[in-house]
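What follows is a short report on a single structure.
The values are calculated or read from the model by the stated rules, or taken from the named source; none is laboratory data. Predicted, not measured: the structure shown is a model, and the values here were computed from it. All Cβ positions, even for glycine, are placed from backbone atoms using ideal geometry, and neighbour counts span all protein chains on display. Side chains included, ligands, DNA and RNA excluded: accessible areas come from the protein's heavy atoms. Shrake-Rupley method; radii C 1.70, N 1.55, O 1.52, S 1.80 Å.
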Amino acid sequence: MNNTLFPPTPEFTQKANIDIEGYHALYQQSIESPEQFWGKHGKRLHWFTPYSKVKNTSFEKGDIHINWFEDGQLNASYNCLDRHLETQGDKIAIIWEGDDASNQQTITYRQLHERVCQFANVLLSKGVTKGEVVTIYMPMVPEVIIAMLACARIGAPHSVIFAGFSPDAIASRVKDGNSKVIITADEGVRGGRITPLKANVDHAIEQLDEGQIETVIVYQHTGNSAIWVDNRDLCWQEACAQVDHTHQAEAMNAEDPLFLLYTSGSTGQPKGVLHTTGGYLVYTSMTHEYVFDYKKDDIHWCTADVGWITAHSFMVYGPLCNGATVVMHEGIPNSPSASRIGEMIDRHNVTVLYTAPTLIRALMAKGADSFNEYQGDSLRLMGTAGEPINPQAWLWYHEVIGKQRCPIVDTWWQTETGAPMLTPLPGATATKPGAATLPFFGIKPELVDNDGNIIEGAGEGNLVFTGSWPSQMRTVYGNHQRFEETYFSTFENYYFSGDGARRDEDGYFWITGRVDDVLNVSGHRLGTAEVESALVSHTTVAEAAVVGYPHNIKGQGIYAYVTLTENTEPTDELKHTLTQWVRQHLGALATLDTIQWAPDLPKTRSGKIMRRFLRKIAANDYDNFGDSSTLAEPAVIEQLIENRISPP
Ligand code: WT7
């Protein structure tokens, strides 16, 4: 822990949207009279029908419900596009840079509006109806934003699947959402590597019931030929050429679904996190304004892929709702070399940069030399999200990218929360390297011990929230019971984040990481159960236990203990096969770093695997190892320690 305070500079604070007195005043208002507070701030959107009810929420056992602005009507696409046309139609909405930097494109709000309307008409012509889930599996090209906003425009919730995911992952999500239309591209390009997106979709469809998928819309991106299925596949460009480019946005109820986004939990099946329209948009646009100190000439670059919530909220909905200019990059910010990110900041005059600690650590590992040419004059504010940032990486970011001038907002949030919950406000909060600091307006965090008792003052515990906020997820798609069980049953009457945290003497929150069986690999969530079930689906594997261990760049690496079936030879070749097998099932994020053959796993007498010990062994950390005498066979531990493999 690093307790050095970095107060905002007077120059920054002077121009900032809010200072520390302002923060405390607004925070207090938001907690004392949430109805009044959100009633007022909800008006930042354009409502077709104004709401009269602001908040109708409860976390009380047996009566959990979450409704915001429930009798209001609006459209998210209208808020991101139409209402800017009169005042700033010619302002650039998207600056796009290809994987190959010689490909550049800008799109104004007017052009974006026209293209979204056009694509909405394509969806309508294919019979997409209000409420029907549309799957999007696209590379980082402007068309993915167009597709999302077109869905929002006609009231069809989108379900974006990260383009790095495998056909298996696509199939299970498409099935869960009962989606009939998939939007994809022929191929994606990242860091010079081509991903056969359309072919992956075809493979996914093979796993689904025949006839589920009625239409696959294919954006011709690289132009390389893909296999075509007549009467099902439709070329994006051709389809757009045939429809009108005007469309009136559908009036949606505030609580109508806006999108689904799948994320890993502690059980095998990823869950479809459902966000609705009004509350999500109010809270994302408001956090964009305050956390990123939005000014109308900002150039806002969020480096996250659109397959994650970070980009949903801070490349698409938050900034566009506020009429901002966003940068979108097709490729990887450190490819072809570490200097790329600095070149892009300078080239596009980026003012606000939002990225993940894992990228910062990767850049740091390359050394500051990659930034000799970097000027960074345009940059004024930087953010991080997705995982705890270690103080060294924070300081490096501050010094090398931020030139010791730009404040850093370390924003804690989740797919489930829609937008930041614990975060500094850059003109207000004195930051500390590695601390997510203080709650945003309307957010009531608490730490509780394992019995659910609230911990007052400085201390460490499970991070929970005692009341709803507008962009809270509403349900697990198709499984409301799972929603209540996952988030509200561990600690009754609270929303439980699954994270542990510490609060210091200044009331600042420091996230210590997940306390459940969820890994955070390079800022991406992965359930240990998902990896285990992929492993045991291989015929050679009898049993598997997967844990995370500290990894210099990825934050957490994946360490797998594998018990083979009888008569299977434990060879290096098999390790390779299993690694590939898991990647094939779950995608490249799930690349195992280490496999240790484990003839036995440590289990309780009732047969439960004791991961606590496995985590300790993987981390090579035997302090507070704990009592292994309750194990069915304590000798198993000795054996595992003896055969431990040092991860790369
Ligand atoms: C999990 C949520 C930020 C949205 C993108 C990730 C971890 C997130 C921080 C942070 C420490 C963080 C938590 C959380 N996390 N932000 N600033 N400091 N940890 O969303 O994939 O739903 O993952 O990421 O463990 O629970 P996600």
Just how many % of Cα pairs in the range 576-648 lie over 16 Å apart, if you round to the nearest whole percent?
-> 55 percent
Would you tally the net charge around residue 397, using a Cβ to Cβ cut-off of less than 13 Å, leaving residue 397 out, and scoring K and R as +1, D and E as -1?
-> +1
Go through 558-565, 633-640 and give me the packing order, highest mean Cβ count within 10 Å leading.
-> 558-565, 633-640
Using R₀ = 41 Å, calculate the FRET efficiency as 1/(1 + (r/R₀)^6) where r is the Cβ-Cβ separation of residue 222 and residue 451; round to 0.05.
-> 0.15
Using a 1.4 angstrom probe with every protein chain in place, what is the largest-first accessible-area order of 469, 581?
-> 581, 469
What is the gain in length, in nm to one decimal, between residue 83 and residue 193 on full extension, counting 0.36 nm per residue of separation less the C-alpha to C-alpha distance?
-> 35.7 nm
Stretchable slack from residue 642 to residue 577, in nm (0.36 nm times residue separation minus alpha-carbon distance) | 21.0 nm
Value of Rg/Rh across the range 10-502 [Cα atoms, Kirkwood radius] | 0.95
Report the antiparallel proportion of the DSSP beta bridges in the chain as a percent, rounded to a multiple of 5.
-> 60 percent
Which residue, chosen from 169, 604, 102, occupies the Cα position most advanced towards the positive end of the dipole of the chain, where the dipole is computed from +1 (Lys, Arg) and -1 (Asp, Glu) charges on Cβ about the Cα centre?
-> 102
Where does each of 108-115, 190-197 land if you order them by average Cβ count within 10 Å, highest first?
-> 108-115, 190-197
In the full protein assembly as shown, how much of residue 15 is accessible to a 1.4 Å probe, in Å² to the nearest 10?
-> 150 Å²
Quick one: dipole size for the chain, taken about the Cα centre, charges +1 on Lys/Arg Cβ and -1 on Asp/Glu Cβ, in debye to the nearest 20.
-> 760 debye
Here, residue 238 and residue 619, labelled 7 Å along Cα→Cβ, have an inter-label distance in nm of 5.6 nm
What residues qualify as long-range amide H neighbours of residue 438, i.e. H under 5 Å apart, gap of 5 or more or another chain, H built at 1.01 Å from N?
-> 423, 509
Between the DSSP loop rule and a limit of at most 14 other Cβ atoms within 10 Å, which GluC sites (Glu not before Pro) in the range 35-89 are left?
-> 60
With Cβ to Cβ distances under 11 Å as the rule, what net charge do the other residues near residue 474 carry (K, R +1; D, E -1)?
-> -3
Please compute the net charge surrounding residue 208, taking Lys and Arg as +1 and Asp and Glu as -1 over other residues with Cβ under 13 Å from its Cβ.
-> -3
Under-5 Å amide H pairs with residue 603, H placed in peptide plane, nonlocal only = 610, 632, 633
Over every pair of different alpha-carbon atoms in the range 299-442, take the mean of 1/r and invert it; report that Kirkwood radius in Å.
-> 15.2 Å
Ranked output for segments 353-363, 372-382 by mean other Cβ atoms within 10 Å, highest leading, reads 353-363, 372-382
If every Lys and Arg gets +1 and every Asp and Glu gets -1 at its Cβ, then about the Cα centre the range 178-306 yields a dipole, in debye to the nearest 20, of 400 debye
